[in-house]
Amino acid sequence: MNAKDFLSRGFNLERHVDTLKNQIEHYKSLVNNCSVNFNDMPKSTAGSYKLEECTQKIIELQKELSTAMLDLVNVKCDITREIHKLENYDYEDLLVKRYILCESWEKISDDMHYSLQHIYRIHGEALKKFAKMRVNESK
């Protein structure tokens, strides 16, 4: 796995977590929009089964979300630990802002008070040093 792939693992997990959150909210809104009519007339119970299925799906997704969030935290901690081995504050700041905090290049540029072009150059240097460090550690 190259340096960028290693660092990007958080992006993919974060996107998965966001998707799960959106699915949960979608199912919750469906359940909340269901209306129940209470009267003496016997009705089919088919509607309540669908409501129960939606509720069960929400519970399943919440369990999956908890697992995904734990994975995300573990991966980001692992990535952060590796980034801090670089011992170059500009490289560390840039990589943390990009791969842990998922900030845009423009925000990183503003925060670090460098031009966008300079941020791209530092990023390239940081990736090279990160890759070299990981190769040396594996020997």
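Descriptive notes on the structure:
- Förster radius 30 Å - calculated FRET efficiency between residue 89 and residue 135, Cβ distance, rounded to 0.05: 0.85
- Exposed chymotrypsin sites (Phe, Trp or Tyr not before Pro) absent: longest stretch of the chain, with sites in DSSP loops and at most 16 other Cβ within 10 Å deemed exposed: 39-113
- Point-charge dipole on Cβ atoms (K/R +1, D/E -1) for the chain, about Cα centre, debye to 20: 380
- 0 to 90° range, to nearest 10: angle between helix 116-138 axis and the chain longest Cα axis: 90
- Label-point gap, in nm, between residue 23 and residue 116 - each point 7 angstrom along Cα→Cβ: 3.5
- Cα lying deepest toward the dipole's positive end in the chain, options 27, 120, 109, charges on Cβ: 120
- Sorted by Cβ neighbour density within 10 Å, fewest at the top, the residues 16, 113, 118: 113, 118, 16
- Alpha-carbon gyration tensor eigenvalues x 5, square-rooted, for the chain, Å: 47, 17, 9
Every number here is computed from the coordinates shown, using simple stated rules; none is lab data. Computed from a prediction, not measured in an experiment: that's the story for all the values here. Positions of Cβ are generated from backbone atoms using ideal geometry, with glycine treated the same way; all protein chains shown enter the neighbour counts.
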